[in-house]
Amino acid sequence: MEPHVLRSMRTSGWIEIVCGSMFSGKTEELIRRLKRAKIARQSVEIFKPGVDTRFSDDEVVSHDANVIQSTSVSSASQIILLASNADVVGIDEGQFFDNDLVDVCRELATLGKRVIVAGLDQDYLGRPFEPIPQLMAVAEFVTKLHAICMVCGAPANHSQRLTAGDQRVILGATETYEPRCRDCFDPSDSHDLPKLESDGSTTESINQLIDSK
């Protein structure tokens, strides 16, 4: 649930995390909160990792095609400078940033900003996906969303990879992943599937980012 925002004498901001599996509506919820902040005439800045070019280079786009203008950055440290005049800071695909994102978000909140981060909390093997778990620990508000399991229809909190590969990150959408519940999730399946055809350039860049954490 979105936190109830009250203007008060307090000078510090806070951190909100929106997490869950793929197709759970994380980016949709991020866009909704940011648009509401704009309606409230607050200054809003939105950031996304430069490596995520699936839908657009300069927009945050949900799987339901909702769009909001954003700035691509190559590292979390850039956000502090670029968000200096913002009241509200939105960050999409937080799992593609390194662990510096935790300190960046804490600093922004200390400066009085409302910080909203959306991202995967688990990777394709069901392991905690840094830095989202660390951000959940220091955030004031955490919203965990669920998708619908494509096998049985139960609430899903896992991202089942549909292509072969042991890289921690392979960019993709419905052709590469589907949501699964705990009972239907089987990460071992991905090793027996055909590999996704790609030049590997984007995946290699993200793997280097993840390996540096």
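The values are calculated or read from the model by the stated rules, or taken from the named source; none is laboratory data. If you're wondering where the values come from, they're calculated on a predicted model, not measured in any experiment. Glycine gets a Cβ as well: all are built from the backbone with ideal geometry, and neighbour counts include every protein chain shown.
Pull up region 128-160, narrow it to residues that are crowded, with 19+ Cβ neighbours inside 10 Å and out of contact with any strand residue (DSSP E or B) (no Cβ under 6 Å at 6 or more places or on another chain), then point me to the one that is farthest from residue 176 (Cα to Cα).
131
Which of the residues belonging to region 113-127 are among the aliphatic types (A, V, I, L, M), crowded, with 24+ Cβ neighbours inside 10 Å and closer than 16 Å to residue 25 by Cα?
Scanning region 113-127 gives 116, 117, 118.
Please give the number of the condition residue 93 fails out of (1) under 11 Å from residue 47 (Cβ atoms); (2) acidic (Asp, Glu); (3) modelled with pLDDT of 95 or more.
It is condition (3) that residue 93 fails.
Can you say whether residue 129 is within 25 Å of residue 161 (Cα to Cα), modelled with pLDDT under 95 and of a type in the set (Phe, Trp, Tyr), as far as the supplied structure shows?
no
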